[in-house]
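Report on one structure; see the data block that follows.
The values are calculated or read from the model by the stated rules, or taken from the named source; none is laboratory data. It should be emphasised that the depicted structure is a prediction, and the values quoted were computed from it without experimental measurement. Neighbour counts are summed over all protein chains in view; Cβ atoms, including those assigned to glycine, are modelled from backbone coordinates with ideal geometry. These accessible areas exclude ligands, DNA and RNA; they are computed on the full protein's heavy atoms, side chains included. Shrake-Rupley method; radii C 1.70, N 1.55, O 1.52, S 1.80 Å.
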Amino acid sequence: MFKNKKLDFYYKSNNINYSKIKLIKLINIIKSKNIEDIMNLLINFKTKGAILLKEIIWNAYKNFRRQSPKKNVYIKNIIINKSRIFKKIRPTSQGRAKKIKKQFFKMILIF
């Protein structure tokens, strides 16, 4: 998976507060496309996930441009992993309690 560490550029974004399943649906549309095409696609989507992805990809692209002046940039792979989980207990009726889990994810972009 991480074979050419010297040739590839990695960008890591932590603590993304959005559904992993919804992000994976967007990522399947985006994978192995040019950055310009990705930005044009994500502008048309109005979901929170598309806005998050657009910001993350744009920041990664800016950092990549500082290191190498390539014009045609493609995203090779996007990896989503669990980061941390906040757990709360919320009171409900009849003296019971309900557990609430708030999950965060980290995303790794490989150019």
Residue set Ile75, Ile108; condition under 13 Å from Ile16 (Cβ atoms) and either crowded, with 16+ Cβ neighbours inside 10 Å or not polar (S, T, N, Q) (or both); output residue Ile108
task = May I ask you to verify whether Ser19 is polar (S, T, N, Q), in contact with a Phe, Trp or Tyr (Cβ under 6 Å, 6 or more places away or on another chain) and surrounded by 11 or more Cβ atoms within 10 Å (Cβ to Cβ)?
result = no
Checked against (1) out of contact with any strand residue (DSSP E or B) (no Cβ under 9 Å at 6 or more places or on another chain); (2) in contact (Cβ under 8 Å) with a residue 40 or more places away in the chain, Leu42 satisfies every condition except (2)
If you go through Asn44, Asn34, the only one that is out of contact with any helix residue (DSSP H, G or I) (no Cβ under 6 Å at 6 or more places or on another chain) and open to solvent by 30 Å² or more (accessible area, probe 1.4 Å) is Asn44
